[in-house]
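Everything below concerns the one structure shown next.
The values are calculated or read from the model by the stated rules, or taken from the named source; none is laboratory data. Treat the numbers as computed from the prediction; the structure is a model and nothing was measured. Neighbour counts run over all protein chains shown; Cβ positions are idealised from the backbone, glycine included.
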Amino acid sequence: MDKIEFKIQELMGAVFELPVGDISIESSQDNLDNWDSLKHLDLVTTIEEEFEIEFPIEEIGNLVSFKLISFVLKEQLQIEGKTY
Amino acid sequence: MENLKYSEILKENLRLVEQVKEQNPYLVKVLSNITCNQFEHILSYDLRKSGLNPVVSIGNYDNIVQDSYQCGDVNMVVIHYDLANIVDKYPDFIESFTTEQFSTLLNTVKSDIDLILENLKLVPVVVFNTFSPFAIYQNALKDSSIEQLAFELNDFLYLKKATNLQIINVNSIVSKIGVSNTFDFRMFTLSKTLYSITFWKEYVYNLSSVVYRYTGLLKKAIIFDCDNTLWKGVLGEDGMEGIDMSLLSKTGQMYNKVQQIAKWLSQQGVIIGLCSKNNPGDVEVVFKEHPDMKLTKENIVISKINWHDKATNLREIAKELNIGLNSLVFIDDSSFEINLIREHIPEILTLQVPSAIYDYPNQLLKLVNRYFYLSGKSVDIAKTIQYKEQSLRKEEKEKHQSLEDYLSSIEIEISIVENDLSQIPRISQITQKTNQFNLTTKRYTENQIELFMNNDNDRIFSVFVKDKFGDSGLTAAIIVNESNKTVNIDSFVMSCRIMGRNIEKAIMNFLVDKYMRNNIEEITAAFFPTIKNKPVANFYEGSNYKLEKEENSNNLYRLLVSEYVPHKVEYIKILS
């Protein structure tokens, strides 16, 4: 995991109320029981707050796994010309 | 809290919940027509931080009136009745409303407020927000209908006499943080989450002072240091002439303002005291003779002017006043003294005079707003005009006292369509997204939905709902498999937006009636429990279905059509 992914891991732990160790690159809506629509909202909020970016509305529904979050987030950082 | 990120608040919450779990729970119920789970976390954090053990639960989405019937045992109900979502339900822009449409809308919301407050009259605290026009039409230059609507509703709220009613002025929060920091229209579009984290933090700051009022966490006394706290300068060094609290001086006027506030507070019943390292005689002379002093000896209830350490002095103050240390606020300019108290008596709330002195009066007022309850409001508004209007609406209110009466007043109309090919995407979506009212939680793609519709033995009913507030569109779907004598309900899904209106009961009446006419003898159905769908666990039992068997905690039901007793929901009109 790189620096960005470690941060994603930490934020996912906070949102899903799990020890950071329980979150891995393989984590997704399919294997995290309490990843419901409200937690999804929390997750998007915390990521945007931490990385100071704003996902386009059409991407928000796609952020359904660790890998996708990492991918879309990095892309978004690049679009907005930000580094982390 | 202002400086914490939302993720930090979530993390802190997990830690704090352990710390306060021995305390009596303080039950808060939030009734709302917008999504506000982030508010739940932020409020929990703030109250836990104050040592309370809040248990915050959120009512069903957009079920404010319905849920207000079920708030018997909570300590506080918070209502977010947002205009954004009320106005959103209309197909026309509010500014184009006719006078008649406008007054219907106004009176509907007013009678809802009446009904809600009536239902909650035994709850110790009910918090209502003022209505705000900004989410709907923020750039209106001339008088707009939405402003008029908000204005009239707020007027109505403020004239309410319910003693348990507390009103939080949302507009003052919006004006503090700005419209663009208040709303998140992107999230509103996606999930009806209207407000930003910044807003909720500010809102909670206001709300928790309401909670403190009812949980004994309010402060009772403010103890001021003197030098560089009530005036600029050090009395022992600068002398009576050297200290400054003059309205004519740039710095001095800030101290003067603080004294003005302290004087006002003392008139409001707040205990004002002094704790200062000085010669007592010197301070007395200032109070008696300095021309710029606002505070007088009469305003000071207790005073410790000596050379002892301030922790000892403050302990004595609490003892002499016979109040808890946690009822004290201590204000001093010195970091040494402030840190000493924070370390030795953490129960005492401290405020260090800010180095940006122009901010001093504001910071004092902010603290006062949060930790003190000032009862002696002298403003008494003329009410005669409203009395007449109020008695009119009372008649309206008496018309619907039970939930059933209320539901019949909102003119619910559902239409049920079979195998509607044009709705395939929406039906698939509702099976994918719905968690609460979803009996089997089977997720179907558009392709699968289409297959159901094309298969002779399967059928999909789509349910469209509207009421006098507006059209909710396709909000429920039922998928059935049919055979000669039996029908099986594969899925029964309904959007949480329309829960609490007994629409599911009307649908069940419709289904059974339809199949009875088709000579079907029995209907089978299943409930697969998930974390989310507990609210509907008893749906089939409640509709005369018999539990046939339990398989891996899944319940399988059977209904003999001839034994069905229709639900009494005549007020829901069914079109098909």
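Condition test on B:Asn24, is it within 13 Å of chain A (Cβ to nearest Cβ) and of a type in the set (S, T, N, Q)? Criteria not met by B:Asn24. The residues of the stretch A:1-25 that are facing chain B (nearest Cβ under 9 Å) and under 29 Å from B:Tyr61 (Cβ atoms), listed by number, are A:Leu11, A:Gly13, A:Ala14, A:Val15, A:Glu17. When B:Leu159 is tested against (1) surrounded by 16 or more Cβ atoms within 10 Å (Cβ to Cβ); (2) in contact with a helix residue (DSSP H, G or I) (Cβ under 7 Å, 6 or more places away or on another chain), just one condition goes unmet, and that condition is (1).
Applying the criterion of being surrounded by fewer than 17 Cβ atoms within 10 Å (Cβ to Cβ) and over 17 Å from A:Asn62 (Cβ atoms) to the residues of the stretch A:26-45, the residue that is farthest from the other protein chains (Cβ to nearest Cβ) is A:Glu26.
The residue that is surrounded by the most Cβ atoms within 10 Å (Cβ to Cβ), counting only those in the stretch A:46-59 that are under 21 Å from B:Glu8 (Cα atoms) and at the interface with another protein chain (Cβ under 8 Å from one of its Cβ atoms), is A:Thr46. Criterion first (surrounded by 13 or more Cβ atoms within 10 Å (Cβ to Cβ), touching a residue at least 40 places away in the same chain (Cβ under 8 Å) and farther than 23 Å from B:Asn37 by Cβ) does A:Ile69 satisfy it? Against the criterion (surrounded by 13 or more Cβ atoms within 10 Å (Cβ to Cβ), touching a residue at least 40 places away in the same chain (Cβ under 8 Å) and farther than 23 Å from B:Asn37 by Cβ), A:Ile69 does not qualify. Does B:Asp184 satisfy the criteria of being within 18 Å of B:Lys288 (Cα to Cα) and either modelled with pLDDT under 95 or among the acidic types (Asp, Glu) (or both)? In short, no. Number of residues in the stretch B:28-58 that are within 27 Å of B:Asp112 (Cβ to Cβ), away from chain A (no Cβ under 14 Å) and touching a Ser or Thr at 6+ places or on another chain (Cβ under 8 Å) equals 5.
Contact map, the stretch B:309-320: first residue over 16 Å from B:Ala221 (Cα atoms) and surrounded by fewer than 16 Cβ atoms within 10 Å (Cβ to Cβ), second residue charged (D, E, K, R) and at pLDDT 90 or above, Cβ cut-off under 8 Å, separation 6 or more or different chains; the map is empty.
Taking the conditions (1) at pLDDT 95 or above; (2) surrounded by 13 or more Cβ atoms within 10 Å (Cβ to Cβ) in turn, A:Leu18 satisfies each one other than (1). Return the residue satisfying two criteria in turn: it lies in the stretch B:443-472 and is within 13 Å of B:Ile498 (Cα to Cα) and in contact with a strand residue (DSSP E or B) (Cβ under 6 Å, 6 or more places away or on another chain), and of such residues it is modelled with the lowest pLDDT. Applying the filter and picking the extreme gives B:Ser472.
Here is a yes/no grid of residues against (1) buried (at least 19 other Cβ atoms within 10 Å of the Cβ); (2) in contact with a helix residue (DSSP H, G or I) (Cβ under 8 Å, 6 or more places away or on another chain); (3) within 17 Å of B:Gln166 (Cα to Cα):
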| position | (1), (2), (3) |
| --- | --- |
| B:Thr98 | no, no, no |
| B:Ser103 | no, no, no |
| B:Asn107 | no, yes, no |
| B:Pro124 | no, yes, yes |
| B:Pro133 | yes, yes, no |
| B:Asn139 | no, no, no |
| B:Lys142 | no, no, no |
| B:Ala150 | yes, yes, no |
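Scanning the stretch B:479-520 for residues that are touching a helix residue (DSSP H, G or I) at 6+ places or on another chain (Cβ under 7 Å) and either closer than 18 Å to B:Asn544 by Cα or outside any loop (DSSP other than H, G, I, E, B) (or both) gives B:Ile479, B:Val487, B:Ser491, B:Val493, B:Met494, B:Asn502, B:Met508, B:Val512, B:Tyr515, B:Met516, B:Ile520.
Name the residue that is nearest to the chain's Cα centre (by Cα), counting only residues in the stretch B:484-524 that are under 17 Å from B:Tyr444 (Cβ atoms) and of a type outside the set (Asp, Glu). Applying the filter and picking the extreme gives B:Ser495.
Quick check: is even one residue across the stretch B:202-222 acidic (Asp, Glu) and in a loop (DSSP other than H, G, I, E, B)? The answer is no; no qualifying residue exists.
On the stretch given as the stretch B:114-150, residues that are among the charged types (D, E, K, R) and assigned to a loop (DSSP other than H, G, I, E, B) total 3. A single member of B:Leu194, B:Leu190, B:Leu106, B:Leu141 is over 30 Å from B:Asn75 (Cβ atoms), out of contact with any Lys or Arg (no Cβ under 6 Å at 6 or more places or on another chain) and within 14 Å of chain A (Cβ to nearest Cβ), and it is B:Leu190.
Would you check if B:Leu4 is farther than 17 Å from A:Leu41 by Cβ, surrounded by 15 or more Cβ atoms within 10 Å (Cβ to Cβ), hydrophobic (A, V, I, L, M, F, W, C) and within 13 Å of chain A (Cβ to nearest Cβ)? Against the criterion (farther than 17 Å from A:Leu41 by Cβ, surrounded by 15 or more Cβ atoms within 10 Å (Cβ to Cβ), hydrophobic (A, V, I, L, M, F, W, C) and within 13 Å of chain A (Cβ to nearest Cβ)), B:Leu4 qualifies.
Looking at A:Lys67, A:Lys82, just one residue is within 11 Å of the chain's Cα centre (by Cα), more than 10 Å from chain B (Cβ to nearest Cβ) and not small (Gly, Ala, Ser), and that residue is A:Lys67. Does B:Asp46 satisfy the criteria of being on the phi > 0 side of the Ramachandran plot and of a type in the set (Asp, Glu)? Considered against the rule, which asks whether it is on the phi > 0 side of the Ramachandran plot and of a type in the set (Asp, Glu), B:Asp46 comes out as no. Sub-9 Å Cβ pairs linking a first residue in the stretch B:58-83 that is in contact (Cβ under 8 Å) with a residue 40 or more places away in the chain to a second residue that is aromatic (Phe, Trp, Tyr) and assigned to a loop (DSSP other than H, G, I, E, B), at least 6 apart or interchain, are B:Ile64/B:Tyr81; B:Tyr81/B:Phe131; B:Asp82/B:Phe131; B:Leu83/B:Phe131, ordered by first then second residue. Annotation for the stretch B:45-67: at least one member residue is touching a Cys at 6+ places or on another chain (Cβ under 6 Å) and aromatic (Phe, Trp, Tyr). Please tell me if B:Tyr557 is of a type in the set (Ser, Thr, Tyr), surrounded by 17 or more Cβ atoms within 10 Å (Cβ to Cβ) and in a strand (DSSP E or B). Yes; evaluated as a whole, the condition is true for this residue.
Flag: B:Ile381 matches the condition of being in contact with a Phe, Trp or Tyr (Cβ under 8 Å, 6 or more places away or on another chain), exposed (fewer than 15 other Cβ atoms within 10 Å of the Cβ), over 18 Å from B:Lys277 (Cβ atoms) and modelled with pLDDT under 90. Set side by side, the residues B:Ile146, B:Ile167, B:Ile177, B:Ile173 differ, and just one is in contact with a strand residue (DSSP E or B) (Cβ under 6 Å, 6 or more places away or on another chain), under 29 Å from A:Thr45 (Cβ atoms) and modelled with pLDDT of 90 or more, which is B:Ile167. Of the listed requirements (1) under 30 Å from B:Gln148 (Cβ atoms); (2) within 14 Å of chain A (Cβ to nearest Cβ), B:Phe97 misses just one: (2).
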